[in-house]
Amino acid sequence: MTASQYRHRLSEAARIIQITDTHLFADPSESFDGINTQESLMQVIELMKSSHWPADFVLATGDLAHDPEPATYRRLQSIFESLDVPVYCIPGNHDDPEVMRECLPSEQIRMASTVLTDRWQVILLNTKVPEMPGGTLSEQELATLDECLRHHPDHHALVCLHHPPVSIDSPWMDAMSLTNRDRFFSVLDRHRQVRCVLWGHIHQEFDSRRNRVRLLSTPSTCVQFTPGATRHERDEKKPGYRWLVLNPDGSFETGVNRLPARRVSPIFLL
């Protein structure tokens, strides 16, 4: 096990929460497009805990900070540690990976390449390009992806990144997607154990398939963007998160839950 790999001994289904695009500010009173991002994050966490808890771990898939200052990440660290489960983080285009690595990780909060359960591998990729809204997978990240999949061919795979690797039919968002998506999929196509690709960035739900692989994105914990829009347009849908249950046989269940609280699947309830 490398320094960037973690293992969870879970012989049964793995229960995971994805949160994304929290866009916290150094000043907790600041808002993004009229929404106080810290307040909305805390409301989403409250909904998570009342509806799909406990979880085995949480995936935080980028744009964790809107202004990537040390104070932002230290406050985010405190919020994540209150969950009392491991939280695995990747950067988005608004994040500063170096400041993240300096201020965010703790015994519970980690910036990892891969997380292993008994039957699944969750691979976390960095698509951040300095000073650019779009994303790219570096040669090193592509090699890491291929290596992780080659080393664990008997583990079903969930691949996480920040930027979408496919068009979502929204021109302004598609201009900020993954630039080398063909290289990305050429790696995935060599490994039949990949079951799902999961991302953030687009502040909206997306659900599609490519061959045998499910393609999913998740709403932001703050502002939502209108699907199919040609330019930046706020959607009035509520903030939310995604829950996933990864079954040992490679199947999985998933759904999105949004504020305000509504009737949700009791899968995580005891």
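Each reported figure results from applying straightforward, stated rules to the coordinates on display, with no laboratory input. This is a predicted model, so every value here is computed, not measured. All Cβ positions, even for glycine, are placed from backbone atoms using ideal geometry, and neighbour counts span all protein chains on display.
Tabulate in residue order the Karplus-calculated ³J(HN,Hα) for segment 217-226, using 6.51 cos²θ - 1.76 cosθ + 1.60 with θ = phi - 60°, rounded to whole Hz; enter x for Gly and Pro.
10, 9, x, 6, 7, 10, 6, 10, 9, 6
Please sort 152-159, 123-130 by packing, taking for each peptide the average over its residues of neighbouring beta carbons within 10 angstrom, highest first. Write down the numbers at each step before the final one.
On the way: 152-159: 18.8, 123-130: 21.8.
Sorting 152-159, 123-130 by mean packing, highest first, produces 123-130, 152-159.
Find which of 70, 8, 105 sits farthest along the positive direction of the dipole of the chain, computed with +1 on the beta-carbon of Lys and Arg, -1 on that of Asp and Glu, about the Cα centre.
8
What is the antiparallel percent of DSSP beta bridges lying wholly in the chain, to the nearest 5? Mind showing how you got there, number by number?
Working: 24 of 52 bridges.
Antiparallel bridges: around 45 percent, rounded to the nearest 5.
How much mean residue ellipticity at 222 nm does the chain get from its helices, if each DSSP H run of length 4 or more adds -39500 (n - 2.57) and you divide by all residues, to the nearest 500 deg cm²/dmol?
Details: 6 runs with 59 residues, N = 270.
Helix contribution divided over all residues of the chain: -6500 deg cm²/dmol.
Once a ≥ b ≥ c are taken as the square roots of the eigenvalues of the Cα gyration tensor of segment 1-131, is the result rounded (a/c under 1.5), prolate (a/b larger than b/c) or oblate (a/b not larger than b/c)?
Oblate shape, in that a/c is at least 1.5 and b/c is the bigger or equal ratio.
In the chain, which longest range has no GluC sites (Glu not before Pro) that are both DSSP loop (not H, G, I, E or B) and surrounded by at most 11 other Cβ atoms within 10 Å?
Working: sites that count: 107, 131, 236.
The reported range is 1-106.
Just to be sure I understand, if you calculate mean projected area of the Cα convex hull in nm² for this structure, which of (1) 18.0; (2) 15.1; (3) 13.0 do you get?
Recomputing mean projected area of the Cα convex hull in nm² here gives the entry labelled (3).
Under a crude label model (7 Å from the Cα following the beta-carbon direction), how far is residue 147 from residue 212 in nanometres?
That separation, rounded to one decimal, is 2.6 nm.
If one computes the Cα centroid of segment 101-174 and of segment 199-263, what distance in Å separates the two points?
17
Return 168, 90 ranked ascending by Cβ neighbour count within 10 Å, so the fewest neighbours appear first. Spell out each step's value before the answer.
On the way: 168 19, 90 27.
With the fewest neighbours first, 168, 90 line up as 168, 90.
Compute the relative contact order of the chain as a whole-number percentage, counting only Cα pairs closer than 8 Å that sit 6 or more residues apart in sequence. Walk me through the intermediate numbers first.
Numbers: 633 pairs, mean separation 60.7, N = 270.
Computed over the chain, the figure is 22 percent.
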